[in-house]
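For reference, the structure discussed in these notes is given below.
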Amino acid sequence: MTASLGFSNEISDLITQSAGVGEVIFGIVFFAFYRSKSVLILNILGLIGLLLFVVILQPQLLIEAFNPVTTNIPIIGLSLVLLNNLKQSSQA
């Protein structure tokens, strides 16, 4: 997808690798701090941003198997459940 933005192959590879490393790091942070409201909100915003990125740049990906809708929406839902759980546990 980065090549569709006009980046060269080398820069596209660098962006893709950096994004992958960033996702792994955020995954570790999310796993360790899943009860943090700010981490959950950042997760939701990031997933919405990635979904919008695909909708704008390559909407044809939305109908393929394991597309951003079928992967991001359930994780956003899970994050909302966790946020609700945090809210209820802080009120108790």
- Message: Where the second residue is in a helix (DSSP H, G or I) and not small (Gly, Ala, Ser) and the first is over 21 Å from Asn67 (Cα atoms) and lies in the stretch 1-20, which pairs have Cβ atoms under 7 Å and are six or more apart or on separate chains?
- Response: Phe7/Ile15
- Message: Condition first: farther than 30 Å from Gln88 by Cα and either at pLDDT 90 or above or not small (Gly, Ala, Ser) (or both). Can you find one or more residues in the stretch 26-46 that meet it?
- Response: no
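The values are calculated or read from the model by the stated rules, or taken from the named source; none is laboratory data. Here the structure is a predicted model, which is why all the values come from computation and not from measurement. Note that we place each Cβ from the backbone using ideal geometry, even for glycine, and neighbour counts take in every protein chain shown.
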